[in-house]
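Report on the following structure.
Every read-out reported here was derived from the displayed coordinates using simple, explicitly stated rules and does not represent laboratory data. In this text, all values refer to a predicted model and were calculated from it rather than measured experimentally. All Cβ positions, even for glycine, are placed from backbone atoms using ideal geometry, and neighbour counts span all protein chains on display.
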Amino acid sequence: MASPERHKGLPRVAVLAEALGAEVVFPEDVDPQALAREVLIAAASEAGVAIDERVQRCIDEALESYRAGAGGSMRVPIATAEHPVSGEDGRIEWCVDEPGSPTEESSGEPSDTENGGAVDFYSQSAFVFVKEGDRLGRLFPAPAGEDGRDVRGNAIAARHGREASLSIDDSITRQPDGSLFANRDGVLCRQRDKAFVKDQLVVEGFVDFSSGNVDFDGSVMIHRGVRDKFEVRATGAVEIGGLVEAAHVQAGSDVHLQGGMAGRDQGTISCQGSLTAKYLDSIKADVAGDLVINKECISSHISVVGNVDSPAASVIGGELVAGGRVEIAALGSERGTETRIELGAIPGLAEKLADLDALLEEVGTQHEHDQRELERLTQPGRKLAPNEIERQTELSFSVHAAQQKLDRARQLQKEIDEKLHKHRVVELVVNRVLHNGVVICLNDREYVLQSDHRGPLTVAEDARHSPVIRQGDGYGVSLAAVSELRAAA
């Protein structure tokens, strides 16, 4: 270390705290013109300052500044630390459609036409639905920070960014580059540092404007209810904990309404499985499985392929069509509310048979006409004109195509008949009362009850396929004997 005598009357270099800077200190008794740059460089080096081109340039500028000031006491910076650059945190960029994006379709409902197009707020969803193979997003690692350097040349460590934390299960695949892909159809769930695709959609509240319509490939659980005009569609089962208003529910499996449905003649249900509900009021439903009602069915139009297993429920007003066994508590009302029930009718099949009958008649008539004309043209020894040859070709093709169509229609007709005979059940069990005025439809006839009949009773077909009504274990009485008989409408 140099002695104090050596520095007496000479500039010195002071290093600031934490070596973040350095200054040359000029005393008052130094001749500015006699001072050489080598003296300042030596002083800086002795103070531990790393000498580089930038520092030398700053020393030259400090010396010029000192000389221009005509000497005197002065402090001039000659070095500044290079501060570190902190690294950024890792991040996740999602590339899915975020919730709350309405579709630009006019629904006649609340809409925003500010930009010239109606927005359907019923269809904006609070959920992110994905398909297997969809790219969900990408996880970006935290880039490294850049270290700094103090004036002595020592490194100043940079703060490194935190890696993004994301826990995934086997429903999501992470590629080496951080890309995220869905391994199944479902709803994307993101909870803090977790992400997964769930094959069941859970709606904690109501299906309303806060959630939008639901259209999900899987099963759906709705904890509250469904508001007016909203739609719930699922390829799996649908379970709803509260009231369903005048809404539309469609399921590829069962529908379970823990509350009930008040449809006000607008609400609908369509399910490929069974329907279970506390009550149904003024709705239309098509049920491919069984129907279970706990309390009552009022003024509704219900078609059921399977059984109606509702021994404690009353059916009042509307129409019930069932292909299987029906057991209910009461049918109709004391006030004579118009109530219809059709037994042994598998919904949809009768309509298909009617369509097939019409098709067979139409195609068959044309086929016979073309066949006769073709036979005239193909009589032995007849010489045909060019236009007749062309007509003969057309008729041959037409007759062949019509025959294929007739064969397919007859085969389908046979399959439907077999299905009807296999699954059709004519049995109505009423545990309490079958009211006056109820219309029982069976075999293209309508039986209008002329009085009340106390249960338990059964309406079924006897060995000759004639409908009878039997109370308890007693003998059956012809249904026609206690009814007004008329042809089905």
Identify all lysines with a Cα-Cα distance to residue 278 below 28 Å; exclude those on the same chain that are fewer than 8 residues away in sequence. 229, 295
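Order by neighbour count: 440, 41, 78, fewest other Cβ atoms within 10 Å first, most last.
Least to most surrounded, the residues fall as 41, 440, 78.
If one computes P(r) from the Cα atoms of segment 161-206, what percent of pairs lie at distances over 17 Å?
On the way: 406 of 1035 pairs.
Percent of Cα pairs beyond 17 Å in segment 161-206: 39.
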Partner lysines whose C-alpha sits under 19 Å from that of residue 352, ignoring same-chain residues fewer than 8 away, are 405, 414, 419, 422
Exposed loop GluC sites (Glu not before Pro) only (DSSP loop, at most 12 other Cβ atoms within 10 Å): please give the longest stretch of the chain free of them, not including the sites. 335-489
Can you give the FRET efficiency for residue 452 and residue 404, using 1/(1 + (r/R0)^6), R0 = 60 Å, r = Cβ-Cβ distance, to the nearest 0.05? 0.60
Run the dipole for segment 294-406 about the Cα centre, Lys and Arg Cβ at +1, Asp and Glu Cβ at -1, nothing else charged, and hand back the magnitude in debye, nearest 20. 220 debye
222 nm mean residue ellipticity, helices alone, for the chain (DSSP H n ≥ 4; -39,500 (n - 2.57); rounded to 500): -7000 deg cm²/dmol
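With r as the distance between the Cβ atoms of residue 91 and residue 18 and R0 = 25 Å, compute the FRET efficiency 1/(1 + (r/R0)^6) and round to 0.05.
So the FRET efficiency works out to roughly 0.20.
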When the charge dipole of the chain is computed with +1 on Lys and Arg Cβ and -1 on Asp and Glu Cβ about the Cα centre, the Cα farthest towards its positive end, among 378, 271, 472, belongs to 472
State, to one decimal in nm, how far the label point of residue 362 lies from the label point of residue 146, with both points 7 Å from Cα in the Cβ direction. 7.8 nm
All-pairs alpha carbon distance profile, segment 220-373, 5 Å steps from 0, percent: 2, 9, 17, 21, 16, 11, 7, 4, 4, 3, 3, 2, 1, 0
Evaluate 2.2 N^0.38 Å with N set to the residue count of segment 325-478, then give the Cα radius of gyration divided by it. 1.71
Taking R0 as 22 Å, what FRET efficiency do you get between residue 73 and residue 154 from their Cβ-Cβ distance, rounded to the nearest 0.05? 0.15
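Going from the alpha-carbon gyration tensor of segment 402-489, what semi-axes, largest first and in whole Å, does one get by taking the root of 5 times each eigenvalue?
Ellipsoid half-lengths, sorted descending, are 34, 15, 10 Å.
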May I have the extent of the alpha carbons of the chain along their three principal axes, as whole Å values ordered from largest to smallest? 138, 79, 44
Residues in segment 134-160 reached by a label modelled at residue 167 [backbone nitrogen below 12 Å; 7 Å Cα→Cβ]: none
Surface/4 estimate of mean projected area, convex hull on alpha-carbon atoms of segment 310-383, nm²: 7.5 nm²
